[in-house]
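Here the structure is laid out as structure tokens; the discussion comes afterwards.
The values are calculated or read from the model by the stated rules, or taken from the named source; none is laboratory data. Just so you know, these numbers come straight off a predicted model, no measurement behind them. Cβ coordinates were reconstructed from backbone atoms using ideal geometry, including for glycine residues, and neighbour counts include every protein chain displayed. These area figures cover heavy atoms from the full protein model, side chains too; ligands, DNA and RNA do not enter into them. Shrake-Rupley method; radii C 1.70, N 1.55, O 1.52, S 1.80 Å.
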Amino acid sequence: MADPWLVVGLGNPGPEYARNRHNVGFMVVDLLADRSRVRFGRHRRAAALVAEARLGLGDAAPRLVLAKPLSFMNLAGGPVAALSQFYKIPVGRIVAVHDELDLPYGQLRLKIGGGEGGHNGLRSMSRSLGSKDYLRVRFGIGRPPGRQDPADFVLGDFSAGERKELDFLVDRAADAVEAVITKGLEWTQNAYHADDSSQLK
């Protein structure tokens, strides 16, 4: 049986953060759990909420471990590393879903490895895993307006205008997660990066 995939939504725990831009990773893994009709429960060995699912039907369907760390963002790596060890999931089968300041709102970019771009959750993951070679699904939230502090911006809720499109964009990001697992990174990049470019013209 093939190794499962660990899909980590990055965010901060607690209802006060639930609709923040910084929590869009949680929103995407919540939708993936809804699609598979599974519920999150607290993991017995890691500070994380976890739901186990299959991506499709039959024994050949990829197995998923969906995770939301219960630590705050800057300590997310500890729970991720603990889950990786518990389920024996190699770094190359870990997918981090996270907000990205350096992309326009709603734009998706997928990659493996590379820098963390100042993202505390990614920095913590890289440090705890001892590697940067995990997959990233980057969900653009855009840059803060004017002189607003980026830290305040990411911890703010999506604007009313952004919320009109948010459900569609989260759904699209969940599709991209499924695609990178079932069709591979190159196929998914070609499909979603090209789609982004056409939307922005």
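Given the -39500 (n - 2.57) contribution per DSSP H run of 4+ residues, what per-residue ellipticity at 222 nm results for the chain, rounded to the nearest 500 deg cm²/dmol?
On the way: 6 runs with 78 residues, N = 201.
Rounded to the nearest 500, the figure is -12500 deg cm²/dmol.
Based on Cβ point charges of +1 for Lys and Arg and -1 for Asp and Glu, what charge dipole magnitude is obtained for the chain about its Cα centre, in debye rounded to the nearest 20?
Numbers: 27 positive and 23 negative charges, 105 e Å.
Charge dipole, the chain, about its Cα centre: 500 debye, nearest 20.
With labels modelled as points extended 7 Å from the Cα through the Cβ direction, what inter-label distance (nm, one decimal) is found for SER36 paired with ASP59?
1.9
Given Cα pairs under 8 Å that are at least 6 residues apart, what percent is the relative contact order of region 24-87? Intermediate values should be presented prior to the final figure.
On the way: 79 pairs, mean separation 17.4, N = 64.
Contact order relative to length: 27 percent.
Starting from the coordinates of the alpha-carbon atoms of region 12-56, obtain the Kirkwood hydrodynamic radius over all distinct pairs and give the value in Å to one decimal.
Working: mean 1/r = 0.0868 Å⁻¹.
With all distinct Cα pairs of region 12-56 included, I get 11.5 Å.
Give the ranking of ARG35, ARG163 by solvent-accessible surface, highest area first, calculated with a 1.4 Å probe. Intermediate values should be presented prior to the final figure.
Working: ARG35 85, ARG163 125 Å².
Solvent-accessible surface, decreasing: ARG163, ARG35.
Hey, what do the phi angles of region 20-29 turn into as Karplus ³J(HN,Hα) couplings, whole Hz, using 6.51/-1.76/1.60 and θ = phi - 60°, x for Gly and Pro?
Computed from phi, the couplings for region 20-29 are 5, 4, 5, 9, 5, x, 4, 4, 5, 6 Hz.
Over the chain, with a single point scatterer placed on each C-alpha, what log10 of the ratio I(q)/I(0) does the Debye formula yield at q = 0.08 1/Å?
For the requested q values the scattering log ratios are -0.24.
Take every Cα pair under 8 Å in the chain that's 6+ residues apart, average their separations, divide by the length, and report that relative contact order as a whole percent. Kindly include the intermediate steps, with their values, before the conclusion.
Details: 383 pairs, mean separation 49.5, N = 201.
The normalised contact order for the chain reaches 25 percent.
Collect residues whose amide H, placed 1.01 Å from N in the peptide plane, falls under 5 Å from the amide H of VAL137; neighbours closer than 5 in sequence don't count.
ALA96, VAL97, HIS98
If amide hydrogens are placed 1.01 Å from N in the peptide plane, which non-local residues have theirs closer than 5 Å to the one on LEU64?
TRP5, ALA53, ARG54, LEU55
According to the Kirkwood expression over distinct Cα-Cα pairs, how big is the hydrodynamic radius of region 43-135, in Å? Before the final figure, lay out the partial values.
Working: mean 1/r = 0.0709 Å⁻¹.
Every distinct Cα pair counted, the radius reaches 14.1 Å.
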